[in-house]
1. About the Cα centre of the chain, what is the dipole size in debye to 20, counting +1 per Lys and Arg Cβ and -1 per Asp and Glu Cβ, all else neutral?
2. Roughly how many nanometres apart are two label points built 7 Å out from the Cα toward the Cβ at Met8 and Asp66?
3. Tell me whether segment 27-83 comes out rounded, prolate or oblate; compute the Cα gyration tensor, take square roots of the eigenvalues as a ≥ b ≥ c, and use a/c under 1.5 as the rounded threshold.
4. Pop out the carbon and sulfur fraction of the accessible area of the chain as a percent, whole number, probe 1.4 Å.
5. Alpha carbons only, please: Rg and Dmax for segment 1-59, in angstrom.
6. I'd like the orientation of helix 38-47 relative to the chain: the angle between its Cα long axis and the longest Cα principal axis, in ° from 0 to 90, rounded to 10.
7. Treating the angle as unsigned and between 0 and 90°, give the value, to the nearest 10°, between the Cα long axis of helix 68-82 and the longest Cα principal axis of the chain.
8. Find the accessible area per residue for segment 37-79; the probe is 1.4 Å, ligands and nucleic acids are left out, and the unit is Å².
Amino acid sequence: MDLFRHAMTHHKQAEWARRLNVTEAAFSQAKKRGRLSPTLAGELAANIGEDPRDWITIAALEAEPDSPLKDDLIKRIARRVRS
């Protein structure tokens, strides 16, 4: 949801929904689930100048069941994204 929060500093949720041709419910569901779909993450990232591949990967991992392996991968990718 870091990407979501960052994207909301650029535009409001309604404007993102319009720009990406999705319903506002897509964002509401993402907030409710606590994660973005890989597709939505990639589009948001591309639109704010981030590498969509990194964010698609993070979103896909967030959908996986919790495990130490998943946690390690997310930390590794997040460090790379932040640097």
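1. So the magnitude is around 160 debye.
2. 2.3 nm
3. In terms of gyration-tensor shape, oblate.
4. Exposed carbon and sulfur together represent 50 percent of the surface.
5. Rg and Dmax of segment 1-59, Cα atoms, are 10.0, 25 Å.
6. Taking Cα atoms only, the helix is inclined about 60 degrees.
7. 60 degrees
8. Computed with neighbouring chains in place, this is 60 Å² per residue.
The values are calculated or read from the model by the stated rules, or taken from the named source; none is laboratory data. Keep in mind it's a predicted model, so treat the numbers as computed, not measured. FYI the Cβ positions are ideal-geometry reconstructions off the backbone, even for glycines, and counts take in every protein chain you see. What goes into the accessible areas is simple: the full protein's heavy atoms, side chains included, and nothing from ligands, DNA or RNA. Shrake-Rupley method; radii C 1.70, N 1.55, O 1.52, S 1.80 Å.
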